[in-house]
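Laboratory data are not the source of any read-out in this text; all were calculated from the coordinates shown. None of the values given here were measured: they were computed from a predicted structure. When we count neighbours, we look across all protein chains shown, and the Cβ atoms used for this are built from the backbone with ideal geometry, even at glycine.
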Amino acid sequence: MRRLFRASGLSVALTIAASLVVLLVPAPVGASPLTPASPQARLQADLFWVTLGIALVVLVVVEFLLIYTSLRFRKRPGGPEIEPPQIHGNTRLEVMWSILPAVILVSLFVISVRTMANLGSAPPNARHIQVVGRQFSWEFTYPDAQVKTTNDLRLPVGEPVVLDVTSQDVIHSFWVPDLGGKIDAIPGITNHNTFTPERTGTFRGVCAELCGAGHANMLFTVTVMEKGDFEAWLQEGAAAAAQQQAQLAAGPNPDVGKRLVAEKGCGACHTIAGVAGMEGKVGPELTHVASNAAGRKPGMDAEAYLRESIVEPAAFTVPGFPAGVMPKLPMTDQELASIVAYLMTLK
Amino acid sequence: MATAELARPTTAAVPAKARSGLWDWLTTVDHKKIGILYLVTTFVFFLLGGIAALLVRLQLALPGSPPLSPALYNQVFTIHASIMLFLYVIPILSGGFGNYLVPLMIGARDMAFPKLNALSYWLVPPGGLLILSGFFFGGAADAGWTAYPPLSVRGPFGQTLWLLGVIILGTSSILGGLNFLVTILNMRTAGMTLHRMPLFVWSILVTAFLQVAATPALAGALIMQLLDREFGTHFFDPAAGANVVGYQHGFWFYSHPAVYIMILPAFGIISEILPVFAGKPIFGYRAVAYSTAAIGFFGFLVWAHHMFTVGMPLVAQSFFMAMTMVIAIPTGVKMFNWLATLWGGQLEFKAPLLYAVGFLTMFLIGGLNGVATAVVPVDWQLHDTYWVVAHIHYVLFGGSTFAIFGGLYYWFPKMTGRMMSEALAKVQFWVMLIGLNLTFFPMHLLGVMGMQRRIASYPVETGFVPLNVLATTGAFLMGFGVLIFIVNFFRSLRHGEPAGPDPWKANTLEWYTSSPPPEYNFRHVPRVTSERPLRDWRLQAAGRAAVAAGAERH
């Protein structure tokens, strides 16, 4: 009997130990719901630990009982062929083991609802940032300052922020594990997510809803800065945006074009050697696109081809690459002219 | 107490010209042959789905140099899930086991509508071929088995083929469900009240209700998507003012009950196996039966727990959280009833019981990690991560598939007249158990480390590589386990020990007739007086034998 207790207890203990060893593998910095960097993420992480704790207790107890029962009541080989006691049920026992789980679950429900209430909403004067998901990058707009960034969300530490999240094409999902739960970016709907970053640092953000061939590439970073640094960054950005508008109005400008190519998220799918953030492998490499473009479609010169491939991506797909993946990105004629001017420098 | 051989009415030998040729298999309306057609077809699809799974695992073990392009990867995991759910788990349990066993277990000659039954089966291969054919028509479906618009509306032609295929498979499911409802409610043999029928039949009864009531909702959502894709409608077009989340409600209104279609018959199989190999009755027959019905009912009230991140009002999310927790109660009741069935028994660890206990230990894990995702604020972090992938595979592989293998070992003797190799079965069990845990346990960790689902690769700096390599190793081990089963299957077909009508000393009517049964199943079924008729008749025969022996001595 004792041997059975030991055997089944031992196997369960070994499993738990193995799991704990693996569990203690440290999570990489800046990417996990269990390394919270905001009070919201902390509430969610705490609730996760409570739920996990309940689950582990139930798991250990029931697994132990299963293994113990399997070992203890094994038929002895060569033993007499007698039927064991034919027990059909036990009402009291069955009532107890219906009520006990119900009590545990009701408690869990109450704790969960309370957490949902505490996660609550931001104060009315919180900063709003518009988040637009698109295939395959994230665009962040700071409406007061007219600053737009791509894949680069900057936040001041200690300030609550409300993200107004939508999509311009298919469903995406905005998720920064350290800062809080995810919220879907749905075309035609604006969802709201709020959190207060409580420490400076860089955090990983991902798209968490399948959105096409570039889904895995829809990564972004969140940089939480001291308030003063953030204000300075915002002012620089506003000034740069104004300057860019002026440059665009003055005519096609390859330097502006290079910046626009990064802003519009082309790097999620295309590679330009030597340019940071342009490392995507979904579409053709653009390092020498100006030399290749002339030969792609007979009768079309390089500039015309480049223009068409941005404005009407479905018109032609380079052989060997998947059709229907490149989205039609919204852009003004001025932006298009500068982008093409930049691409024409990539010989 | 000595048990005499139970006297059975003799069944005539099958005349040579009535033996099954190809034409017979193609035109049969016999529920047993249709059940076997389902079992073989769905098992082939299981193998195809498994190959797709191994491709997925190879991709994720090699993020630096992934073998598949992202576009092709999206097609491969979409087809993996579509095959496993629509062409394996659902049809093998209801069409395969359900069809073969239900008429036998209730003492009937066949299903209520044998020709409808044949139609249900013959809709499956074309449905499957349509889904797979996308690869040859410019790209298979690639928006996941969930196929959310707008992404799915934009997908390649294979998405249209997928929609047609799934609608056909849904039709097959509805027709099958109708057939089971009528058969079970009307054709039980004399004395077999609802409270004396086998628990497997109970599980098929509830499953059939789910098939009939829920599948039309899926058909609605898919037809709307098909019309948007091919006929210019705007059901899910945000530019036209549509709310694309409406699709998700329609889809999950079916697809949540669908997961109970995928598990309830498996529960039924476990409820059949445990009493036989423990030598005692199921503990709490009524509780097990009613909890099955309760799960079926509450299964209609939880669908939006798949949608906790779309931005629903918090009150609605709390409702669905509450209902999801409520469903855990009848499920827990079953676990305890099964445990109590084993407790105090004389456990014979033949292959079916090994798989049943494996089911209990693995399904428990899947149920508990599901409770974590039921908690709304926790789900806001865990949704669409590998934690969910761990959950679904513990319940569908550790749960349904282990029950399926247990059922195959248990009923193979009835279907073929031969026993399978116990030794090979035991080796397969341990290989698959270890493989399962190696593959899916690390996914809990990957989920809480922030690894999202459905990604074709990931940066190495995330630290996801070692656990993914571990999972891939486990997956190949599971594949090896399946190969062992295939070897066992073919060897046993040819060289297995003759089984006789009742090799396991079981309780239910399918063991009353020969192995395999004659076409008409039973020449005569005595009146049933409990939920274990075969045991009752065995004991009666033993009683009569003892009296006769006593009389002889005088």
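Structure notes:
- Shown in residue order for segment B:93-99 are the 3J(HN,Hα) couplings computed by the Karplus curve 6.51 cos²θ - 1.76 cosθ + 1.60 at θ = phi - 60°: 6, 7, x, x, 5, x, 4 Hz (x for Gly and Pro).
- Projecting the Cα atoms of A:L329, A:A216, A:P36 onto the charge dipole of chain A, computed from C-beta unit charges around the Cα centre, puts A:P36 farthest toward the positive end.
- Antiparallel DSSP beta bridges within the protein assembly as shown, as percent of all bridges there, nearest 5: 65 percent
- Ordering B:W25, B:G95, B:V448 by the projection of their Cα atoms onto the charge dipole of chain B, which places +1 on the Cβ of Lys and Arg and -1 on the Cβ of Asp and Glu, puts B:W25 at the extreme positive end.
- Average beta-carbon neighbours from other chains, 10 Å sphere, peptide A:102-108: 4
- Where labels lie 7 Å past Cα in the beta-carbon direction, separation of B:L483 and A:N118 in nm: 5.3 nm
- Volume per residue that the Cα convex hull of chain B spans, once the total is divided by residue count, Å³: 153 Å³
- Taking only Cα atoms of chain A, radius of gyration then Dmax in Å: 28.7, 99
- Shown is the FRET efficiency for A:A240 and A:L56, computed with R0 = 51 Å from the Cβ-Cβ distance and rounded to the nearest 0.05: 0.45.
- The mean of 1/r over all distinct Cα pairs in the protein assembly as shown, once inverted, gives the Kirkwood hydrodynamic radius of 29.7 Å.
- In this Cβ point-charge picture (+1 for Lys and Arg, -1 for Asp and Glu), segment A:174-242 has a dipole of about 160 debye about its Cα centre.
- Two-decimal ratio, segment B:330-374, of alpha-carbon radius of gyration to 2.2 N^0.38 Å: 1.30
- The mean sequence separation of alpha-carbon pairs under 8 Å and at least six residues apart, normalised by the residue count of chain B, gives a relative contact order of 18 percent.
- Computed from the C-beta positions of A:Q130 and A:D333 and an R0 of 25 Å, the FRET efficiency is 0.60 to the nearest 0.05.
- Kyte-Doolittle at least 0.0, axis length at least 27 Å by Cα - qualifying DSSP helices, chain B: B:31-61, B:157-186, B:199-231, B:314-342, B:351-374, B:422-448, B:465-495
- Here segment B:512-554 has an Rg and Dmax of 14.1, 44 Å, counting Cα atoms alone.
- Ranked B:M451, B:M187, B:M419, criterion: other C-beta atoms within 10 Å, fewest first: B:M187, B:M419, B:M451
- Spin-label pair A:A273/B:A316, simplified geometry with 7 Å Cα→Cβ offset, distance in nm: 5.2 nm
- Estimated distance in nm for a label pair at B:A551 and A:E198, the labels positioned 7 Å out from Cα along Cα-to-Cβ: 8.6 nm
- Sum of -39500 (n - 2.57) over DSSP H runs of 4+, divided by residues of chain B (222 nm, nearest 500): -21500 deg cm²/dmol
- Ordering of B:522-534, A:313-325 by packing [mean C-beta count within 10 Å, highest first]: B:522-534, A:313-325
- When the listed pairs A:K227/A:K281; B:K33/B:K334; A:K227/A:K328; A:K281/A:K328; B:K32/B:K350; A:K258/A:K297 are checked against a 28 Å cut-off, the alpha-carbon distance exceeds it for A:K227/A:K281; B:K33/B:K334; A:K227/A:K328.
- In Å, descending, principal axis extents of the Cα set of segment B:475-554: 65, 30, 24
- C-alpha center-to-center spacing [segment A:163-189, segment A:222-237] in angstrom: 23 Å
- Each of the peptides B:225-234, A:87-96, B:203-212, B:157-166 was scored by the mean count of other Cβ atoms within 10 Å over its residues; in descending order, highest first, they stand as B:203-212, B:157-166, B:225-234, A:87-96.
- For segment B:25-177, the pair-distance distribution built from all alpha carbon pairs, in bins 10 Å wide starting at 0, is 12, 37, 28, 16, 6, 1 percent.
- Long-range HN-HN contacts of B:T508 with modeled amide H, under 5 Å: B:L534
- Positive-end extreme of charge dipole, chain A - chosen from A:N193, A:A262, A:Q247 (charges on Cβ): A:N193
- Given +1 at the Cβ of Lys and Arg, -1 at the Cβ of Asp and Glu and no other charges, the dipole of the protein assembly as shown around its Cα centre is 3740 debye to the nearest 20.
- Only Lys, Arg (+1) and Asp, Glu (-1) charged, at Cβ; chain B dipole about Cα centre in debye: 1480 debye
- Residue ranges B:400-411, B:72-83, B:263-274 sort as B:263-274, B:400-411, B:72-83 when ordered by packing (mean number of other C-beta atoms within 10 Å per residue, highest first).
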